[in-house]
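Data block below; observations after.
The values are calculated or read from the model by the stated rules, or taken from the named source; none is laboratory data. Every value quoted in this text rests on a predicted model; they were computed, and no experiment measured them. No Cβ is skipped: glycine too gets one built from the backbone with ideal geometry, and neighbour counts run over all protein chains shown.
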Amino acid sequence: MHIGVPKEIKTHEYRVGLTPESAAELVHRGHQVTVQTEAGLGIGATDNDYRAVGANIANDAKQVFDAAEMIVKVKEPQAVERAMLRPGQVLFTYLHLAPDAEQTKDLLASGATCIAYETVTDAQGGLPLLKPMSQVAGRMAVQAGAAALEKVHGGRGVLLGGVPGVHPGKVVVLGGGVVGFNAAQMAVGMQADVTILDKSNTVLERLNSHFGASARVLYSNKATLDAAIAEADLVVGAVLVPGAAAPKLVSRDMLGTMQPGAVLVDVAIDQGGCFATSRPTTHDEPTYVVDGIVHYCVANMPGGVARTSTYALNNATLPHVINLANKGWRQALRDDAHLRNGLNVHAHRLTCAPVGEAQNLPVMNLEDALDQPAPIAA
């Protein structure tokens, strides 16, 4: 199979779909890899690093899209990239379609077969291709929130860890999944006063067992949420409903109960955000203020630590890329029910139920999609 890796073009996105080492694995198995020039510079990988393992270098994205049978990316394709997709081509990347009707429309129109990292599952019920970036984003959320709390950045002027004789900052983590767990770990490590809220008793027991007296673990209901938000210096939104839009847990009215200069970090922004006042921001302008509360809503947080993020992501995605290349997308999905859950769009039809629910669109059954012929390019 011919695999293409375009350079990411989202603002300050420095990750790349395949590392040179991953490209080498594919070339070793007899596949052709074409990488857009300078696609790997953000992780310190030069064109010569890719050439050295047998990959081809293309001058621009169009050459990559024109040549490749499968496109491997990191972030959702931007409008100019979606216009280059063709019927029957495979796209393997993060999509986050539920809050993005425009992208959904374009992917449906393209006729491409689109497999989303974030809805691929595993035998434990987890999301293994989302997990490494959730680990990064959870840790970065506290790091970013701590910086945003500095007075020079509009925050309250609170040091999360405090100092002897002064109270530490109060960190509230909404959601105890991968993002929330990693955010709490960082906050506890900084010696902050940490509260984690979740609705799953199983998750609460696991968190309590891990953190013990280092963090407060509470069942999330309106009373505990209202009280925690009102006292917080930093709130990390870490809720996730796989494939679906994030629930809005913090209303605008609740901002009025918070201390001026408190910080909200919305890690769920890729799925629409879990604060009513959230809107996507970039690494260029990461924060904005609503009713005196600082909002940090960068939609590609892990892109800020591109090398760590890319290698962590490739560790998870490469086995699937190899299977898709070796078997073709149809047989690979037939053989692996968990990879099959990653199929979001095929043959001008939506195949992800949570996206269909979010956008009120009809959804084709996944099993039926495997028997649906791929459209032929005009």
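Is it fair to say Ser251 is of a type in the set (Ser, Thr, Tyr), in contact (Cβ under 8 Å) with a residue 12 or more places away in the chain, surrounded by fewer than 16 Cβ atoms within 10 Å (Cβ to Cβ) and under 30 Å from Thr224 (Cα atoms)?
Against the criterion (of a type in the set (Ser, Thr, Tyr), in contact (Cβ under 8 Å) with a residue 12 or more places away in the chain, surrounded by fewer than 16 Cβ atoms within 10 Å (Cβ to Cβ) and under 30 Å from Thr224 (Cα atoms)), Ser251 qualifies.
For segment 69-106, which residues satisfy the criterion of being touching a residue at least 40 places away in the same chain (Cβ under 8 Å), aliphatic (A, V, I, L, M) and closer than 18 Å to Pro373 by Cβ?
Those that are touching a residue at least 40 places away in the same chain (Cβ under 8 Å), aliphatic (A, V, I, L, M) and closer than 18 Å to Pro373 by Cβ: Met70, Val90.
Does segment 111-125 include one or more residues that are in contact with a Ser or Thr (Cβ under 7 Å, 6 or more places away or on another chain) and under 30 Å from Gln185 (Cβ atoms)?
yes
Conditions first: (1) out of contact with any strand residue (DSSP E or B) (no Cβ under 9 Å at 6 or more places or on another chain); (2) surrounded by fewer than 19 Cβ atoms within 10 Å (Cβ to Cβ); (3) outside the structural domain of Asp336 (by TED's automatic domain parsing). Val136 passes all but one, so which condition is the exception?
(2)
Hey, Pro319 hits all of (1) more than 15 Å from the chain's Cα centre (by Cα); (2) at pLDDT 95 or above; (3) farther than 17 Å from Leu91 by Cβ; (4) buried (at least 17 other Cβ atoms within 10 Å of the Cβ) but one; which does it fall short on?
Of the numbered conditions (1) more than 15 Å from the chain's Cα centre (by Cα); (2) at pLDDT 95 or above; (3) farther than 17 Å from Leu91 by Cβ; (4) buried (at least 17 other Cβ atoms within 10 Å of the Cβ), the odd one out for Pro319 is (4).
Which residues, counting only those in segment 26-45, are buried (at least 19 other Cβ atoms within 10 Å of the Cβ) and within 11 Å of Ala55 (Cβ to Cβ)?
Leu26, His31, Val33, Thr34, Val35, Gln36, Ala39, Gly40, Ala45
Farther than 23 Å from Ser309 by Cβ and within 25 Å of the chain's Cα centre (by Cα): which single residue out of Glu21, Glu25, Glu38, Glu69 fits that description?
Exactly one residue qualifies, and that residue is Glu69.
Looking at Val166, Val173, which one is of a type outside the set (Phe, Trp, Tyr) and closer than 30 Å to Ala316 by Cα?
Matching residue, one of Val166, Val173: Val173.
Filtering segment 263-272 down to residues that are touching a strand residue (DSSP E or B) at 6+ places or on another chain (Cβ under 7 Å) and either modelled with pLDDT under 95 or hydrophobic (A, V, I, L, M, F, W, C) (or both), which residue is nearest to Asp233 (Cα to Cα)?
Filtering first and then ranking leaves Val263.
Residue under question is Val305, and the condition is that it be among the aliphatic types (A, V, I, L, M) and part of a helix (DSSP H, G or I); does it hold?
Here the answer is yes, as Val305 does meet what is asked.
Look through segment 169-195, keep the residues that are in a strand (DSSP E or B) and either crowded, with 24+ Cβ neighbours inside 10 Å or free of Cβ contacts under 8 Å to residues at least 40 places away in the same chain (or both), and return whichever of them is farthest from the chain's Cα centre (by Cα).
Applying the filter and picking the extreme gives Asp193.
So, in segment 204-232, of the ones that are charged (D, E, K, R) and either farther than 14 Å from Val194 by Cα or within 25 Å of the chain's Cα centre (by Cα) (or both), which residue ends up surrounded by the fewest Cβ atoms within 10 Å (Cβ to Cβ)?
The extreme case among them is Lys222.
When you scan segment 131-144, do you find a residue that is more than 30 Å from Ala316 (Cβ to Cβ) and of a type outside the set (Ser, Thr, Tyr), even just one?
no
Hey, among the residues in segment 354-378 that are small (Gly, Ala, Ser) and in contact with a helix residue (DSSP H, G or I) (Cβ under 9 Å, 6 or more places away or on another chain), which one's modelled with the highest pLDDT?
Ala358
Out of the residues in segment 270-293 meeting the condition of being surrounded by fewer than 24 Cβ atoms within 10 Å (Cβ to Cβ) and of a type in the set (Val, Ile, Thr), tell me which one is nearest to Thr19 (Cα to Cα).
Thr282
Condition check ((1) without any contact (Cβ under 8 Å) to a residue 40 or more places away in the chain; (2) assigned to a loop (DSSP other than H, G, I, E, B); (3) under 14 Å from Ile71 (Cα atoms)) across all residues:
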site: Glu8; (1), (2), (3): no, yes, yes
site: Glu13; (1), (2), (3): no, yes, no
site: Glu21; (1), (2), (3): no, no, no
site: Glu25; (1), (2), (3): no, no, no
site: Ala39; (1), (2), (3): yes, yes, yes
site: Ala45; (1), (2), (3): yes, yes, no
site: Arg51; (1), (2), (3): yes, no, no
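If you take the residues of segment 205-233 that are in contact with a Leu (Cβ under 8 Å, 6 or more places away or on another chain) and not acidic (Asp, Glu), which of them is farthest from Leu149 (Cα to Cα)?
If we take residues in segment 205-233 being in contact with a Leu (Cβ under 8 Å, 6 or more places away or on another chain) and not acidic (Asp, Glu), then Tyr219 is farthest from Leu149 (Cα to Cα).
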